[in-house]
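Notes to accompany the following structure.
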Amino acid sequence: MRRYLFGRDTAIQETLCYDVVIIGSGIAGLYAALNLDSRLSCAVLTKEGVDISNSWLAQGGIAAAVSKDDRPQFHYEDTLLAGAGLCDEKAVRILVDEGPEDISALLDMHVPFDLNEDGDLQIGREGGHRQNRIVHAHGDATGRETVKTLAAIAACRENITFLQNSFLIDILTDNGRAVGAVVYQDGCKIIMAGSIILCTGGIGQIYGHSTNPSVATGDGLAAAFRAGAELRNMEFIQFHPTGLYCKTPESRSFLISEALRGEGAILKNNRGERFMVGLHPMNELAPRDIVARCIMREMAKTGQDHVFLDITSESSEHLSSRFPTIFGECLKRGIDISKDLIPVCPVQHYMMGGIATNLNGMSGIPGLYACGEAACTGVHGANRLASNSMLECLVFGRRAARNISEQAAGAKRTSIPALPRPEEPAGDLQLDASGLKQRIREIMSRDGWVIRNKTGLTSGLDEMSEIKQALESSVLDSKGRMEALNMATISVEILKAALKREKSVGAHCRED
């Protein structure tokens, strides 16, 4: 495997030094930055801007046992049940026990959570939850409102610097410890740091249909893997049951939040028949992996490429207030969800696996941490419980930041390790990055989708390995080619893990 993406003749234009470098500006990255000791200098890198991330797009809300009728124990049990027996129970216990404190912290930071008439938190319910425990902001804009609030606070902190339009190329190590990163921001730069936190989000762009933005190409996972970090549970990809169906290809699928089903929306086939009844005790509110497979089988049975979500039982006034983002987007597309059925189909949504970390977010490489979707803390097991993702960002982002602060591991690193001299590329110098990205999406959407089998996984892995090898042997002189290699690297690991796990569990379904 190629250890570094940068080439023999890469010119380093500048070297910067910070105590801590956080790569990613979603909820995990911002909350980690705000929980660092203020005496530590911190750089927050974002691939484009803070408004382009999975966190920003998150609609559903944040799950936490904050109501008087709920208990962390109930949340714990629901999380383990959804995770199909593969959750790390210690990590889940930390998540549910500490989560309410982080919701309180967000309230103190003035995140505009929705309140009821009594001035208390308005709490909803989503699939897999036996209790109402989802807090949300501006209806279905929880991620956006939380990111906006955290980013505004971080921008006022003297110890925090934002470096936008910074593309992560490589993680630098010295004697087995992470000591810095190579990034591209108007030229290649080295950023030295005592600690690095990867909060680079998901991998959705390896699939043809995903709710993830265009920046989600697995850069953090691939860079960590090249540096020697372990990737864990890569076969567990969450496919959201209800992406908005569109006849023409889109760079990002629009999500129809599970919260609609929590408010009473039901699934119907093209004949107007409700089909989830009897397939699971919770009907439409079954865990996401089950609903996604039921939809896929219903589509196969009827010969259609989508089903429908029906929430016409609710008024236009209620829906436009409770789900303003969804209501407005559907209306733009000629769908009045108070009167019309919403065409939906499964889409890639979330990576349950990722960079293996301990309970403080540290990877197997000293000095290298990971939080949020890029990390595999073990809380999700084989299937993520709805709205546990943002809670994981908060709890483990905070724990990573405090671990760094307590260890005083953030001392500036100023000496640059000897940079390697990569071998001269021997392959095709004119590889088409755009074409290879599209081929990666086609293979993963064919062989690594909701329902898998050995024949497809083997074929897909062979093809993907060839693409990866071709890219590793080429000149990686553009962001597009580097992204393509990152995508191929992650795809190979997903297909390998899916092939190795022969039994179906959670989101990993083997029809053979």
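The values are calculated or read from the model by the stated rules, or taken from the named source; none is laboratory data. This is a predicted model, so every value here is computed, not measured. Please note: Cβ atoms are built from the backbone with ideal geometry, for glycine as well, and neighbour counts cover all protein chains shown.
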Checklist entry - For region 445-469, how many residues meet the condition of being within 23 Å of the chain's Cα centre (by Cα) and closer than 22 Å to D170 by Cα? => result 2
Checklist outcome for this item: Within region 414-448, restricting to residues that are buried (at least 19 other Cβ atoms within 10 Å of the Cβ) and in a loop (DSSP other than H, G, I, E, B), the one that is modelled with the lowest pLDDT is L431
Next on the checklist: Whether any residue in region 34-42 is in contact with a Phe, Trp or Tyr (Cβ under 7 Å, 6 or more places away or on another chain) and in contact (Cβ under 8 Å) with a residue 24 or more places away in the chain is what I want to check.
Outcome noted: yes
Next on the checklist: Can you pull out every residue in region 150-168 that is in a helix (DSSP H, G or I) and without any contact (Cβ under 8 Å) to a residue 12 or more places away in the chain?
Outcome noted: A152, A155
Checklist entry - How many residues are without any contact (Cβ under 8 Å) to a residue 40 or more places away in the chain and of a type in the set (V, I, T) when one looks only at region 304-329? => result 1
Checklist entry - If the Cβ limit is 6 Å and pairs must be 6+ apart or interchain, which residue in region 122-149 that is among the acidic types (D, E) pairs with which residue that is in a helix (DSSP H, G or I)? => result E126/A259; E126/G262; D140/T325; D140/I326
Checklist outcome for this item: Residues of region 79-97 being modelled with pLDDT of 95 or more and either buried (at least 24 other Cβ atoms within 10 Å of the Cβ) or aliphatic (A, V, I, L, M) (or both), in sequence order, are T79, L80, L86, C87, A91, V92, I94, L95, V96
Checklist entry - So is E502 assigned to a loop (DSSP other than H, G, I, E, B) and modelled with pLDDT of 95 or more or not? => result yes
Next on the checklist: Among the residues that make up region 98-108, is at least one of them crowded, with 22+ Cβ neighbours inside 10 Å, over 17 Å from L30 (Cα atoms) and either over 22 Å from the mean Cα position of the chain (by Cα) or free of Cβ contacts under 8 Å to residues at least 60 places away in the same chain (or both)?
Outcome noted: no
Checklist outcome for this item: Note on P346: of the conditions (1) under 22 Å from E126 (Cβ atoms); (2) assigned to a loop (DSSP other than H, G, I, E, B), unmet is (2)
Next on the checklist: Please pick out the residue among E472, E442, E511 that is within 23 Å of the chain's Cα centre (by Cα) and touching a residue at least 12 places away in the same chain (Cβ under 8 Å).
Outcome noted: E442
Item to check | Every residue from region 332-343 that is part of a loop (DSSP other than H, G, I, E, B), surrounded by fewer than 24 Cβ atoms within 10 Å (Cβ to Cβ) and in contact (Cβ under 8 Å) with a residue 24 or more places away in the chain | outcome: R333, S338, K339, D340, L341
Next on the checklist: Six or more apart or on different chains, Cβ atoms under 6 Å: show the pairs whose first residue is in region 187-203 and more than 22 Å from I52 (Cβ to Cβ) and assigned by TED's automatic domain parsing to the domain that holds C376 and whose second is of a type in the set (D, E, K, R) and assigned to a strand (DSSP E or B).
Outcome noted: G194/D19
Checklist entry - If we scan region 122-142, do we find a residue that is in contact with a helix residue (DSSP H, G or I) (Cβ under 7 Å, 6 or more places away or on another chain), under 25 Å from G264 (Cα atoms), among the polar types (S, T, N, Q) and assigned to a loop (DSSP other than H, G, I, E, B)? => result yes
Checklist entry - Which is in a helix (DSSP H, G or I) and surrounded by 24 or more Cβ atoms within 10 Å (Cβ to Cβ), of E329, E373, E406, E317? => result E373
Next on the checklist: Condition check: part of a loop (DSSP other than H, G, I, E, B) and either among the aliphatic types (A, V, I, L, M) or crowded, with 24+ Cβ neighbours inside 10 Å (or both). Does A382 satisfy that?
Outcome noted: yes
